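Derivation of every value follows stated rules applied to the coordinates shown; laboratory data play no part. Owing to the predicted nature of the structure, the values given are computational and were not obtained by experimental measurement. Methodologically, a virtual Cβ is constructed for each residue, glycine included, from the backbone with ideal geometry; neighbour enumeration extends over all protein chains shown.
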Amino acid sequence: MLTIGLTGGIGSGKSAAADCFRDLGINVVDADWAARVVVQPGKPALEKIATYFGAGILLENGELDRAKLRQRVFQDEGERTWLEELLHPLIREEIVAALQASASPYAILESPLLIESGQYQLVQRVCVVDVPEEVQLQRAGRRDGNTPEQIRKIMAAQLPRQERLARADDILDNAGDLASLGDQVTELHRKYLQLAKSADD
């Protein structure tokens, strides 16, 4: 099945673009959803994380304190590497299973770290949602309440904008409003339906 990787930096509007594809009846597999599934209570990965980072990394209800973990790993390169080596293969398994269960003409894999994590190997095309860095800072700050410094740290852990664009087969310019994004998605949807049909022929 034709699978499109949808990616973009923090605050670029990946989720809004993914919702546009969902509205057109396309199955979207969210890598962040898979990342949450693999660290649910009772999963072996959560036990390993609690052992490595200490019980303080868990909330009172036994779930992972994602905000605290994010803060820790963006301050320490070694801890981030350890976490990625643990989680990336598990996340990949969840994603592959969800993509294989897709019933739409093509599928979308929405992933902030599509290129960095190697998940691009699961897709045939890469679609990048792009906005200028200043817009990223504004939107991510409004959405998450993070400080510009925290957002810049997250941006620094992601691929630089120009490198991401260089890897793109398709680009969605999301500097405008939602209507403009929706129009661009509809146009790409037509193209992807054609590509999916050609692949089947």
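The table for this structure:
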| quantity | calculated |
| --- | --- |
| Only listed residue being surrounded by fewer than 16 Cβ atoms within 10 Å (Cβ to Cβ), in contact with a Pro (Cβ under 9 Å, 6 or more places away or on another chain) and of a type in the set (Gly, Ala, Ser), chosen from ALA175, ALA156, ALA179, ALA166 | ALA175 |
| Output for segment 156-182, where each listed residue is farther than 29 Å from GLN71 by Cβ and not hydrophobic (A, V, I, L, M, F, W, C) | ASP169, ASP170, ASP173, GLY176, ASP177, SER180, GLY182 |
| Some residue of segment 38-47 being aliphatic (A, V, I, L, M), closer than 19 Å to HIS189 by Cα and out of contact with any Lys or Arg (no Cβ under 9 Å at 6 or more places or on another chain) | no |
| Breaking point among (1) surrounded by 13 or more Cβ atoms within 10 Å (Cβ to Cβ); (2) under 30 Å from PHE74 (Cβ atoms), for LEU195 | (2) |
